[in-house]
Amino acid sequence: MTERRRRRPVAVLVAVTVLGLGACGEAAASAPPQGSEPVRLDPADFTVDITNQYWPMRPGDRWVYDSTDADGTAQHVEVSVLDETYTVAAGIEARVVHDVVTQGGVLFEDTRDLYAQDTDGSIWYLGETTTEYPPGAPPSTEGSWEAGVDGAQPGIAVPAHPRPGLAYRQEYRKGEAADRAVVLSTDEKVQTPTGTYTGALLTRETTPLEPDVAELKFYVPGVGQVLTLQTSGGSEREALVEVSG
């Protein structure tokens, strides 16, 4: 799933062209990306200053999560927004977010995620460079991708104007990344060790690469992602335990 992982189209105002759809081969500019649909995005319509209310990302912001699964396996996750940018092959400058996962005090995964915000306020997910260090196995970079490389396509991480029923692709690289999400609610109450929050955005994430897996994610205005619950294919729970910035 993407970083912490429409029926009615979201009002995305960037110049988006979806190829291979309709008689003229184009979709409406407001249509969100779906499935493997290629999109062309204008780099001039993006910024690395991410102010989306459900996940504002300022350099120096940091979120810490604790995760447990049904087997009792515990992981510690630290997510930090770097004062660093990277221009992806698709031509868009992205904000770099560093995600470090440890298990039993040992490095398990190290990822640099790439995000940018469009002129309407939607956060786009533009790629990741990830290395996993599974116990007893060699490191793996499987799952790394970059918009514009080997057919990889960007997607929306958090829409600017979520509403129940809004569906969108979050990422796509054939055989490697195909996460998708649908908005369930924008008025949830959720509690984590950092507090009790109201007015939270709730999404459900799935991927055809793991059809038995589904997750619920809660995003709180002004805070970001606070809770992930795996509802199918496992029972992992990842909760925010510290936030700073």
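The values are calculated or read from the model by the stated rules, or taken from the named source; none is laboratory data. As the structure is a computational prediction, the values presented were derived from the model and not from experiment. Cβ atoms come from the backbone with ideal geometry, glycine included; neighbour counts cover every protein chain shown. Ligands, DNA and RNA are excluded from the accessible area calculation, which covers all protein heavy atoms including side chains. Shrake-Rupley method; radii C 1.70, N 1.55, O 1.52, S 1.80 Å.
Restricted to segment 194-245, and to residues there that are open to solvent by less than 60 Å² (accessible area, probe 1.4 Å) and charged (D, E, K, R), the residue that is nearest to residue 175 (Cα to Cα) is 205.
Within this structure, residue 159 fails the test of being out of contact with any Asp or Glu (no Cβ under 7 Å at 6 or more places or on another chain) and within 26 Å of residue 235 (Cβ to Cβ).
Among the residues of segment 206-226, which ones are closer than 24 Å to residue 61 by Cα and touching a Leu at 6+ places or on another chain (Cβ under 9 Å)?
Within segment 206-226, 216, 217, 218, 219, 220, 221, 223, 224, 225, 226 qualify.
Can you pull out every residue in segment 131-142 that is β-branched (Val, Ile, Thr) and open to solvent by less than 50 Å² (accessible area, probe 1.4 Å)? Of everything in segment 131-142, just one residue is β-branched (Val, Ile, Thr) and open to solvent by less than 50 Å² (accessible area, probe 1.4 Å), namely 131. For segment 155-168, a residue qualifies if it is surrounded by fewer than 24 Cβ atoms within 10 Å (Cβ to Cβ), assigned to a loop (DSSP other than H, G, I, E, B) and touching a Pro at 6+ places or on another chain (Cβ under 8 Å), and exactly one does: 166.
It is to be established whether one or more residues within segment 176-193 are at positive phi, surrounded by fewer than 20 Cβ atoms within 10 Å (Cβ to Cβ), assigned to a loop (DSSP other than H, G, I, E, B) and of a type outside the set (Lys, Arg). There is no residue in segment 176-193 that is at positive phi, surrounded by fewer than 20 Cβ atoms within 10 Å (Cβ to Cβ), assigned to a loop (DSSP other than H, G, I, E, B) and of a type outside the set (Lys, Arg).
Within segment 143-154, is even one residue out of contact with any Lys or Arg (no Cβ under 7 Å at 6 or more places or on another chain), on the phi > 0 side of the Ramachandran plot and open to solvent by less than 20 Å² (accessible area, probe 1.4 Å)? Scanning segment 143-154, I find at least one residue that is out of contact with any Lys or Arg (no Cβ under 7 Å at 6 or more places or on another chain), on the phi > 0 side of the Ramachandran plot and open to solvent by less than 20 Å² (accessible area, probe 1.4 Å), so the answer is yes.
So, of the residues in segment 62-98 that are touching a Gly at 6+ places or on another chain (Cβ under 7 Å) and open to solvent by less than 30 Å² (accessible area, probe 1.4 Å), which turns out to be farthest from residue 108 (Cα to Cα)? Only one residue fits best here, namely 88.
The residue that is nearest to the chain's Cα centre (by Cα), among those in segment 202-230 that are part of a loop (DSSP other than H, G, I, E, B) and farther than 15 Å from residue 240 by Cα, is 207.
Of the strands (runs of 3 or more DSSP E) that lie entirely inside segment 21-113, those containing 3 or more residues that are at pLDDT 95 or above, under 17 Å from residue 243 (Cα atoms) and among the β-branched types (Val, Ile, Thr) span 74-87, 93-103.
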